[in-house]
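The values are calculated or read from the model by the stated rules, or taken from the named source; none is laboratory data. Keep in mind it's a predicted model, so treat the numbers as computed, not measured. Neighbour counts run over all protein chains shown; Cβ positions are idealised from the backbone, glycine included.
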Amino acid sequence: MKKIVVLTGAGMSAESGIRTFRDSNGLWEEHDVMEVASIEGWHKNPGLILRFYNERRKQMYSCEPNKGHMLLAGLENDYDVEIITQNVDNLHERAGSSKVLHLHGELTKARSSINPSLVYLLGDQEIKIGDKCEKGSQLRPCIVWFGEEVPAINEAIKIVESAEILCIIGTSLNVYPAAGLLHYAPSGCPIYLIDPNPPSGISRKIEVIAKGAGEGVAELIKRVKHK
Ligand code: APR
(Lines give C-alpha, C1' and ligand atoms only; values in the text may rest on other atoms or scores of the structure.)
Protein backbone atom coordinates (compact mmCIF):
# COMPACT_ATOMS: atom_id res chain seq x y z
CA MET A 1 0.00 0.00 0.00
CA LYS A 2 1.19 3.51 -0.79
CA LYS A 3 2.23 5.57 2.26
CA ILE A 4 0.26 8.77 2.80
CA VAL A 5 1.45 11.07 5.59
CA VAL A 6 -0.99 13.75 6.76
CA LEU A 7 0.08 16.80 8.80
CA THR A 8 -2.94 18.43 10.44
CA GLY A 9 -3.51 21.62 12.39
CA ALA A 10 -6.40 23.39 14.08
CA GLY A 11 -8.27 23.89 10.79
CA MET A 12 -8.77 20.11 10.64
CA SER A 13 -11.07 20.37 13.67
CA ALA A 14 -12.74 23.69 12.73
CA GLU A 15 -15.74 21.96 11.09
CA SER A 16 -16.25 20.02 14.33
CA GLY A 17 -16.78 23.33 16.12
CA ILE A 18 -13.32 23.61 17.73
CA ARG A 19 -11.84 27.09 17.30
CA THR A 20 -8.56 27.60 15.52
CA PHE A 21 -5.88 29.84 17.01
CA ARG A 22 -5.10 32.50 14.43
CA ASP A 23 -8.25 32.90 12.33
CA SER A 24 -10.49 35.84 13.20
CA ASN A 25 -12.25 34.95 16.48
CA GLY A 26 -9.41 32.49 17.07
CA LEU A 27 -8.37 31.33 20.54
CA TRP A 28 -5.35 33.62 20.65
CA GLU A 29 -7.61 36.65 20.15
CA GLU A 30 -9.23 35.92 23.50
CA HIS A 31 -6.30 34.60 25.54
CA ASP A 32 -2.71 35.74 25.98
CA VAL A 33 -0.83 32.71 24.65
CA MET A 34 2.03 33.36 27.06
CA GLU A 35 -0.42 33.22 29.99
CA VAL A 36 -2.24 30.01 29.04
CA ALA A 37 0.15 28.07 26.78
CA SER A 38 3.70 28.66 28.03
CA ILE A 39 5.89 27.19 30.75
CA GLU A 40 6.30 30.72 32.18
CA GLY A 41 2.52 31.01 32.42
CA TRP A 42 2.40 27.68 34.29
CA HIS A 43 4.89 28.86 36.89
CA LYS A 44 3.05 32.20 37.21
CA ASN A 45 -0.55 30.99 37.46
CA PRO A 46 -1.08 27.20 37.22
CA GLY A 47 -4.75 27.53 38.25
CA LEU A 48 -5.52 29.70 35.19
CA ILE A 49 -3.84 27.18 32.90
CA LEU A 50 -5.67 24.23 34.47
CA ARG A 51 -9.00 26.05 33.97
CA PHE A 52 -8.10 26.90 30.33
CA TYR A 53 -7.34 23.28 29.45
CA ASN A 54 -10.25 21.90 31.52
CA GLU A 55 -12.55 24.10 29.39
CA ARG A 56 -10.94 22.94 26.12
CA ARG A 57 -11.16 19.28 27.23
CA LYS A 58 -14.85 19.70 28.09
CA GLN A 59 -15.53 21.39 24.73
CA MET A 60 -13.66 18.63 22.87
CA TYR A 61 -15.97 15.98 24.33
CA SER A 62 -19.01 17.99 23.17
CA CYS A 63 -17.70 17.86 19.57
CA GLU A 64 -17.71 15.07 17.02
CA PRO A 65 -15.20 14.13 14.30
CA ASN A 66 -16.12 15.87 11.02
CA LYS A 67 -16.31 14.56 7.44
CA GLY A 68 -12.60 15.24 6.94
CA HIS A 69 -11.62 13.15 9.98
CA MET A 70 -13.90 10.32 8.82
CA LEU A 71 -12.58 10.35 5.24
CA LEU A 72 -8.97 10.26 6.50
CA ALA A 73 -9.81 7.25 8.67
CA GLY A 74 -11.45 5.53 5.69
CA LEU A 75 -8.33 6.16 3.59
CA GLU A 76 -6.66 3.39 5.63
CA ASN A 77 -8.58 0.83 3.53
CA ASP A 78 -6.47 1.72 0.50
CA TYR A 79 -3.33 3.38 1.84
CA ASP A 80 -0.84 3.13 4.70
CA VAL A 81 -1.90 6.36 6.45
CA GLU A 82 0.12 8.06 9.21
CA ILE A 83 -1.26 11.23 10.76
CA ILE A 84 1.00 13.75 12.47
CA THR A 85 -1.16 16.32 14.23
CA GLN A 86 -0.49 19.58 16.02
CA ASN A 87 -3.96 19.23 17.52
CA VAL A 88 -4.48 18.16 21.10
CA ASP A 89 -8.02 16.89 20.55
CA ASN A 90 -8.80 13.19 20.03
CA LEU A 91 -11.01 13.59 16.96
CA HIS A 92 -8.68 11.69 14.59
CA GLU A 93 -8.75 8.72 16.99
CA ARG A 94 -12.51 8.95 17.52
CA ALA A 95 -12.96 8.93 13.71
CA GLY A 96 -11.03 5.63 13.61
CA SER A 97 -7.55 6.66 12.44
CA SER A 98 -5.13 4.09 13.85
CA LYS A 99 -1.76 5.86 13.52
CA VAL A 100 -1.85 9.34 15.05
CA LEU A 101 1.22 11.15 16.41
CA HIS A 102 0.46 14.20 18.58
CA LEU A 103 3.29 16.74 18.30
CA HIS A 104 1.86 19.19 20.84
CA GLY A 105 0.33 16.77 23.35
CA GLU A 106 -3.15 15.51 24.15
CA LEU A 107 -6.05 16.92 26.18
CA THR A 108 -7.00 13.38 27.23
CA LYS A 109 -3.81 13.01 29.27
CA ALA A 110 -2.18 14.57 32.34
CA ARG A 111 1.49 14.42 33.25
CA SER A 112 3.73 14.97 36.23
CA SER A 113 5.10 18.51 36.39
CA ILE A 114 8.52 17.19 37.44
CA ASN A 115 8.84 14.08 35.26
CA PRO A 116 7.42 14.22 31.68
CA SER A 117 7.53 10.43 31.37
CA LEU A 118 4.87 10.08 34.11
CA VAL A 119 1.72 10.33 32.00
CA TYR A 120 -1.83 9.56 33.18
CA LEU A 121 -5.00 8.92 31.16
CA LEU A 122 -7.54 11.58 32.05
CA GLY A 123 -10.49 10.83 29.78
CA ASP A 124 -12.94 13.67 30.42
CA GLN A 125 -11.72 14.36 33.99
CA GLU A 126 -10.48 17.79 35.07
CA ILE A 127 -7.06 18.50 36.56
CA LYS A 128 -7.23 20.55 39.75
CA ILE A 129 -4.68 22.21 41.96
CA GLY A 130 -3.73 19.53 44.48
CA ASP A 131 -3.97 16.62 42.02
CA LYS A 132 -0.58 14.95 42.32
CA CYS A 133 1.53 12.48 40.36
CA GLU A 134 2.95 9.37 42.05
CA LYS A 135 6.05 11.40 42.97
CA GLY A 136 3.89 13.96 44.76
CA SER A 137 4.21 16.80 42.23
CA GLN A 138 1.27 18.80 40.83
CA LEU A 139 -0.30 17.24 37.73
CA ARG A 140 -0.32 19.40 34.58
CA PRO A 141 -1.89 19.09 31.13
CA CYS A 142 0.09 16.76 28.83
CA ILE A 143 0.56 19.63 26.38
CA VAL A 144 3.76 20.96 24.79
CA TRP A 145 3.79 24.67 25.67
CA PHE A 146 5.67 27.50 24.02
CA GLY A 147 9.19 27.43 25.40
CA GLU A 148 9.25 23.63 25.66
CA GLU A 149 10.90 21.00 23.45
CA VAL A 150 8.71 18.93 21.07
CA PRO A 151 9.65 15.39 22.16
CA ALA A 152 8.04 13.66 19.14
CA ILE A 153 9.68 15.81 16.44
CA ASN A 154 12.39 13.29 15.46
CA GLU A 155 9.80 10.52 15.16
CA ALA A 156 7.68 12.88 13.02
CA ILE A 157 10.63 13.69 10.75
CA LYS A 158 11.23 9.96 10.12
CA ILE A 159 7.57 9.51 9.22
CA VAL A 160 7.60 12.43 6.74
CA GLU A 161 10.84 11.10 5.21
CA SER A 162 8.99 7.84 4.45
CA ALA A 163 6.02 9.55 2.74
CA GLU A 164 5.03 8.71 -0.84
CA ILE A 165 2.30 11.36 -0.65
CA LEU A 166 2.20 14.21 1.89
CA CYS A 167 -0.98 16.14 2.70
CA ILE A 168 -1.05 19.24 4.91
CA ILE A 169 -4.48 20.15 6.28
CA GLY A 170 -5.60 23.18 8.28
CA THR A 171 -2.40 24.72 9.59
CA SER A 172 -1.07 28.24 9.12
CA LEU A 173 2.47 26.80 9.28
CA ASN A 174 3.34 29.47 11.85
CA VAL A 175 4.79 27.29 14.57
CA TYR A 176 8.14 25.47 14.34
CA PRO A 177 9.41 22.80 14.37
CA ALA A 178 6.03 21.43 13.11
CA ALA A 179 5.93 23.93 10.24
CA GLY A 180 9.32 22.72 8.98
CA LEU A 181 8.27 19.08 8.63
CA LEU A 182 7.14 19.42 4.99
CA HIS A 183 10.76 20.02 3.95
CA TYR A 184 11.62 16.44 4.97
CA ALA A 185 9.30 14.98 2.33
CA PRO A 186 11.34 13.06 -0.28
CA SER A 187 12.05 15.14 -3.42
CA GLY A 188 9.63 13.19 -5.66
CA CYS A 189 6.82 13.13 -3.09
CA PRO A 190 3.72 15.06 -4.21
CA ILE A 191 2.58 17.53 -1.54
CA TYR A 192 -1.05 18.66 -1.23
CA LEU A 193 -2.27 21.49 0.99
CA ILE A 194 -5.93 21.71 2.06
CA ASP A 195 -6.93 25.09 3.49
CA PRO A 196 -9.65 27.63 2.52
CA ASN A 197 -7.11 30.36 3.20
CA PRO A 198 -3.80 28.66 2.32
CA PRO A 199 -0.58 30.00 3.86
CA SER A 200 1.74 31.53 1.23
CA GLY A 201 5.49 31.56 0.71
CA ILE A 202 6.06 27.81 0.82
CA SER A 203 9.28 27.03 -1.06
CA ARG A 204 8.36 23.43 -2.04
CA LYS A 205 6.12 22.66 -5.06
CA ILE A 206 2.66 22.23 -3.55
CA GLU A 207 -0.78 21.42 -4.99
CA VAL A 208 -3.29 23.61 -3.14
CA ILE A 209 -6.90 22.51 -2.55
CA ALA A 210 -8.42 25.78 -1.31
CA LYS A 211 -11.33 24.13 0.50
CA GLY A 212 -12.33 23.23 4.04
CA ALA A 213 -11.16 19.91 5.47
CA GLY A 214 -14.32 17.93 4.66
CA GLU A 215 -14.62 18.89 0.98
CA GLY A 216 -10.84 19.15 0.68
CA VAL A 217 -10.13 15.57 1.75
CA ALA A 218 -12.86 14.34 -0.61
CA GLU A 219 -11.09 16.22 -3.44
CA LEU A 220 -7.69 14.87 -2.31
CA ILE A 221 -8.97 11.28 -2.51
CA LYS A 222 -10.10 11.87 -6.11
CA ARG A 223 -6.73 13.34 -7.06
CA VAL A 224 -4.49 10.70 -5.42
CA LYS A 225 -6.52 7.85 -6.94
CA HIS A 226 -4.92 8.68 -10.29
CA LYS A 227 -1.37 9.04 -8.91
N1 APR B 1 -10.63 23.47 6.97
C2 APR B 1 -9.29 23.50 6.77
N3 APR B 1 -8.49 24.51 7.22
C4 APR B 1 -9.09 25.51 7.88
C5 APR B 1 -10.49 25.55 8.12
C6 APR B 1 -11.26 24.47 7.64
N7 APR B 1 -12.58 24.42 7.81
N8 APR B 1 -10.76 26.70 8.81
C9 APR B 1 -9.58 27.34 9.00
N10 APR B 1 -8.58 26.64 8.42
C11 APR B 1 -7.15 26.96 8.38
C12 APR B 1 -6.82 28.44 8.49
O13 APR B 1 -6.91 29.06 7.22
C14 APR B 1 -5.39 28.38 9.01
O15 APR B 1 -4.46 28.30 7.94
O16 APR B 1 -6.54 26.37 9.50
C17 APR B 1 -5.36 27.08 9.82
C18 APR B 1 -5.34 27.32 11.31
O19 APR B 1 -4.12 27.95 11.66
P20 APR B 1 -3.80 28.18 13.22
O21 APR B 1 -5.03 28.73 13.88
O22 APR B 1 -2.52 28.95 13.25
O23 APR B 1 -3.60 26.73 13.80
P24 APR B 1 -2.29 25.83 13.72
O25 APR B 1 -1.53 26.07 12.46
O26 APR B 1 -2.73 24.43 14.00
O27 APR B 1 -1.42 26.35 14.98
C28 APR B 1 -0.22 25.63 15.23
O29 APR B 1 0.09 26.94 17.23
O30 APR B 1 -0.78 27.88 19.12
C31 APR B 1 -0.06 26.82 18.65
O32 APR B 1 0.14 24.71 19.63
C33 APR B 1 -0.74 25.51 18.92
O34 APR B 1 -0.77 23.54 17.56
C35 APR B 1 -0.98 24.94 17.55
C36 APR B 1 0.06 25.64 16.70
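Scanning region 180-197 for residues that are within 17 Å of the chain's Cα centre (by Cα) and near the ligand (Cβ under 8 Å from one of its atoms) turns up Ile194, Asp195. Among the residues here, Val217 does not qualify as surrounded by fewer than 18 Cβ atoms within 10 Å (Cβ to Cβ) and on the phi < 0 side of the Ramachandran plot.
Yes or no, residue by residue, for (1) in contact (Cβ under 8 Å) with a residue 12 or more places away in the chain; (2) farther than 24 Å from Thr20 by Cβ:
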position: Asn115; (1), (2): yes, yes
position: Leu122; (1), (2): yes, no
position: Ile153; (1), (2): yes, no
position: Lys158; (1), (2): no, yes
position: Gly188; (1), (2): no, yes
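A count restricted to region 132-151 and to residues that are at negative phi and either within 16 Å of the ligand (Cβ to nearest atom) or in contact (Cβ under 8 Å) with a residue 40 or more places away in the chain (or both) stands at 12.
What do you reckon, is Lys211 over 16 Å from the mean Cα position of the chain (by Cα), away from the ligand (no atom under 12 Å from the Cβ) and at negative phi? Criteria not met by Lys211. Based on what the data block shows, is Cys167 surrounded by 15 or more Cβ atoms within 10 Å (Cβ to Cβ) and away from the ligand (no atom under 14 Å from the Cβ)? In short, no. Does region 169-179 include one or more residues that are part of a strand (DSSP E or B), within 30 Å of Trp42 (Cβ to Cβ), touching a residue at least 12 places away in the same chain (Cβ under 8 Å) and under 13 Å from the mean Cα position of the chain (by Cα)? Checked region 169-179: at least one residue is part of a strand (DSSP E or B), within 30 Å of Trp42 (Cβ to Cβ), touching a residue at least 12 places away in the same chain (Cβ under 8 Å) and under 13 Å from the mean Cα position of the chain (by Cα).
Screening Tyr53 with (1) part of a helix (DSSP H, G or I); (2) in the same structural domain as Ala156 (by TED's automatic domain parsing); (3) of a type in the set (Ser, Thr, Tyr) gives one miss only, at (2).
As a summary of the residue check, Tyr176 satisfies the conditions (1) surrounded by 15 or more Cβ atoms within 10 Å (Cβ to Cβ); (2) within 12 Å of the ligand (Cβ to nearest atom) except for the one numbered (1).
For region 81-96: of the residues being under 19 Å from Leu220 (Cβ atoms) and among the hydrophobic types (A, V, I, L, M, F, W, C), which is surrounded by the most Cβ atoms within 10 Å (Cβ to Cβ)?
Taking the candidates together, the pick is Ile83.
When the residues of region 98-123 are filtered to those that are more than 13 Å from the chain's Cα centre (by Cα) and small (Gly, Ala, Ser), the one that is surrounded by the most Cβ atoms within 10 Å (Cβ to Cβ) is Ala110. Condition check: part of a loop (DSSP other than H, G, I, E, B), at negative phi and of a type in the set (A, V, I, L, M, F, W, C). Does Ile129 satisfy that? Taking the combined requirement at face value, the residue satisfies it. For region 142-162, the set of residues classified as in a loop (DSSP other than H, G, I, E, B) and at pLDDT 95 or above consists of Val144, Trp145, Glu148, Glu149, Val150, Pro151, Ala152, Ser162, listed by residue number. Within region 56-68, the residues that satisfy the criterion of being in contact (Cβ under 8 Å) with a residue 60 or more places away in the chain and assigned to a helix (DSSP H, G or I) are Arg57, Lys58, Tyr61, Lys67, Gly68.
Return yes when Tyr192 is at negative phi, among the aromatic types (Phe, Trp, Tyr) and surrounded by 20 or more Cβ atoms within 10 Å (Cβ to Cβ) and no when it is not. Yes, satisfied.
Identify all residues within region 198-208 that are more than 10 Å from the ligand (Cβ to nearest atom) and farther than 17 Å from Val5 by Cα; write none if there are none. Across region 198-208, the qualifying residues are Ser200, Gly201, Ile202, Ser203.
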